[in-house]
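Just below is one structure, and these are the notes that go with it.
FYI, it's all coordinate maths here, none of it is from the lab. Just so it is clear, the structure is predicted and the values come from calculations on it, not from any experiment. Methodologically, a virtual Cβ is constructed for each residue, glycine included, from the backbone with ideal geometry; neighbour enumeration extends over all protein chains shown.
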Amino acid sequence: MRALFASAVLLSSIALVPAAFAASQSVTGTVKAYQSGQMLTLSNGDMFTLPKNFKDPGIKTGEKVKVAYQKTGKKLQAEMVTIVR
């Protein structure tokens, strides 16, 4: 019984390791479209969902931005957007 429990604990901890190490990625690009507080689309076609607590730094269409994000399945979830000057 102890061996079974130990195996289950080991397998569950191995399964959680990738989630713990899910690192943010980043991309720099030009804003193609921006829906205030909802969605940001870059000229390369990447579409990012913005977090509910997103504070707009003054994003405008045509502006160069850097987006830190995490990919969940096919969705890109922005964590931070900064204007590149």
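Each Lys or Arg adds one and each Asp or Glu subtracts one; over the other residues with Cβ under 12 Å from the Cβ of Ala23, this totals 0. Between Asn53 and Arg85, how many nm apart are label points set 7 Å from Cα along the C-beta direction? Placing both labels 7 Å beyond Cα along the Cβ direction yields 2.6 nm. For the range 42-82, rounded, prolate or oblate, judged on the Cα gyration tensor with a ≥ b ≥ c (square roots of eigenvalues), a/c < 1.5 rounded, else prolate if a/b > b/c? Oblate, since a/c reaches 1.5 and b/c is not below a/b. As a length-normalised measure over Cα pairs under 8 Å and 6 or more apart, the relative contact order of the range 24-83 settles at 36 percent.
Just give me a number: lysine pairs in the range 24-83, eight or more positions apart or cross-chain, with C-alpha atoms less than 23 Å apart. Going through the range 24-83 pair by pair, I get 22.
Between Lys60 and Gln25, the FRET efficiency from the beta-carbon distance, with R0 = 35 Å, is close to 0.90.
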